[in-house]
Amino acid sequence: MSISASDLKPGFSLVDTKTISTEEVLSFCRRERELEGRPIDLKNIHTDEEVARSYGLRGVVAPGVQTMPYIWDLLREAFGERWTRGGKLAVTFTNMVCGGDTLTTQAVVREPAENEPTNRLYLDTWMENQRGEKVIVGKASVPID
Amino acid sequence: MSPKKALEDAQVGDSIGPHRYRLTEELARFAASNVGLDEFEVDASGSPIAPSCVTDNDYALAWMKQYTAREAVHTKAEHHYLNPPIIGKDLVVTGSVADRYNKRGKDFLVFETVTHDVDGREIVRSRNTLLIDL
């Protein structure tokens with residue numbers, strides 16, 4: 001589904017929900033390290049449940065580079081090439097995502113701020129967990145004709 | 001090659017990278033499967049392209065060229081996706097330490113990077129912040 005960015009009005013909302021399992025976190029971290037040629041036996045909050053729990057966490061923590069792409073994909077699906085050739089995304093990681101969390105990713109079209117060029121479409125974006133806690137907050141924009 | 005510095009010794013203006021890697025089909029498939037994509041799109045020339053979020057960790061691979069790896073928390077990320085990366089091409093990541101600051105007693109480092117492919121196409125410009133004082 002590709003949406004014409006120029007037709008969108010402030011308030012238009014995109015939403016997606018996904019549960020990330022502990023196994024998905026562990027296999028992402030293992031595979032990422034393997035593919036990047038980094039040691040895979042490192043034990044930390046991303047790769048070892050015992051270590052994560054020793055820090056008082058609910059489980060292994062998904063790295064930001066695993067969860068931020070969910071926003072990337074929400075915008076890719078909506079805007080297609082406008083997103084992949086010119087999309088901008090700026091996020092802050094505000095809370096940890098643990099294996100087993102259900103994540104709702106949202107992006108809402110907003111008016112451009114006074115100092116922002118009008119040849120882009122602006123969105124506020126965020127991701128929250130099943131407790132309603134925001135885990136990522138940010139802004140995105142895509143070029144429009 | 002000069003020995004790696006400790007990450008806590010990084011200074012504003014330090015160069016990071018270059019980190020050069022082949023965007024293999026395996027790596028592209030890994031990024032695609034993370035976002036539930038089963039197939040690769042193709043560009044106008046018919047070349048298969050990877051999801052550009054495959055480059056989201058490039059800054060880390062670049063700083064690890066100069067500094068010893070250590071635990072740190074990724075707190076902010078900014079990406080300007082300019083061109084989708086073509087599978088099979090080599091990508092080169094270069095950049096620098098753009099800022100270093102202390103907030104509420106914690107040390108943060110900011111890295112700015114650019115990823116190009118070997119044909120000189122800019123793939124992504126990024127700015128990432130790490131909390132290094134855990």
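Bear in mind that the values in this text are calculations on the coordinates, not laboratory data. All figures in this text were calculated on a predicted structure; none of them were measured in a lab. With ideal geometry, Cβ positions are generated from the backbone for all residues, glycine too; neighbour counts draw on all protein chains shown.
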(message) Only bridges whose two residues both fall in chain B count here: according to DSSP, what percent of them are antiparallel, nearest 5?
(response) 95 percent
(message) Would any residue of segment B:113-130 have its amide N under 17 Å from a label point 7 Å out along Cα→Cβ of B:Lys65? List them or say none.
(response) B:113-128
(message) As a quick test, which of the pairs A:Lys18/A:Lys43; A:Lys88/A:Lys134; B:Lys76/B:Lys103; A:Lys139/B:Lys65; B:Lys65/B:Lys103; A:Lys134/B:Lys106 have an alpha carbon distance above 24 angstrom in this structure?
(response) A:Lys18/A:Lys43; A:Lys139/B:Lys65; B:Lys65/B:Lys103
(request) Can you tell me the relative contact order of chain A? Whole percent, Cα pairs under 8 Å, sequence separation 6 or more. (result) 30 percent
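Which shape class, rounded, prolate or oblate, goes with segment B:1-114 when its Cα gyration tensor gives a ≥ b ≥ c as root eigenvalues, a/c under 1.5 marks rounded, and past that a/b bigger than b/c marks prolate?
Prolate shape, in that a/c is at least 1.5 and a/b is the bigger ratio.
Report the net charge of residues surrounding A:Cys29, where surrounding means a beta-carbon distance below 13 angstrom and charges are Lys +1, Arg +1, Asp -1, Glu -1.
Result for the local shell: -3.
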(message) Give me the base-10 log of I(q)/I(0) for segment A:2-81 at each q in 0.13, 0.14, 0.16, 0.23 Å⁻¹, Debye formula, one uniform scatterer per Cα, rounded to two decimals.
(response) -0.56, -0.61, -0.71, -1.06
(message) Using each residue's phi in segment A:15-30, evaluate 6.51 cos²θ - 1.76 cosθ + 1.60 at θ = phi - 60° and report the 3J(HN,Hα) Karplus result to the nearest Hz, with x for Gly and Pro.
(response) 9, 8, 10, 8, 9, 9, 7, 4, 4, 5, 5, 4, 6, 4, 5, 5
(message) Taking a ≥ b ≥ c as the square roots of the Cα gyration tensor eigenvalues, with a/c under 1.5 meaning rounded and otherwise prolate when a/b beats b/c, else oblate, which class fits the protein assembly as shown?
(response) rounded
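If Lys and Arg each add +1 and Asp and Glu each add -1, what is the summed charge of the other residues whose beta carbon sits under 9 Å from the beta carbon of A:Ala62?
Taking every other residue near A:Ala62 into account, the sum is -2.
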(message) If amide hydrogens are placed 1.01 Å from N in the peptide plane, which non-local residues have theirs closer than 5 Å to the one on A:Val97?
(response) A:Ala62
(message) Between segment A:21-98 and segment B:94-134, how far is it from one alpha carbon centroid to the other, in angstrom?
(response) 18 Å
(request) Name the most mobile residue of A:Asp16, A:Asp73, A:Asp41, meaning the one with the largest mean-square fluctuation, in a Gaussian network model of chain A with Cα contacts below 10 Å. (result) A:Asp41
(message) Based on alpha-carbon atoms only, what is the radius of gyration of chain A relative to the globular estimate 2.2 N^0.38 Å?
(response) 1.17
(request) Name the residue, out of A:Ile71, A:Ile40, A:Ile20, whose mean-square fluctuation peaks in a Gaussian network model built on chain A with Cα pairs under 10 Å. (result) A:Ile40
(message) Taking the number of other C-beta atoms within 10 Å as the exposure measure, put A:Ser4, B:Ser2 in order starting with the fewest.
(response) B:Ser2, A:Ser4
(message) Which of B:Lys76, B:Lys103, B:Lys65 ends up with the largest GNM mean-square fluctuation for chain B, with Cα atoms connected below 10 Å?
(response) B:Lys103
(request) For each of A:Met68, A:Met127, count neighbouring Cβ atoms within 10 Å of the residue's Cβ, then give the residues from fewest to most. (result) A:Met68, A:Met127
(message) If neighbour count is taken as other Cβ atoms inside 10 Å, put A:Tyr122, B:Tyr101 in order from fewest to most.
(response) B:Tyr101, A:Tyr122
(message) Net charge within 15 Å of B:Lys103 by Cβ-Cβ distance, Lys/Arg positive one each and Asp/Glu negative one each, not counting B:Lys103 itself?
(response) +1
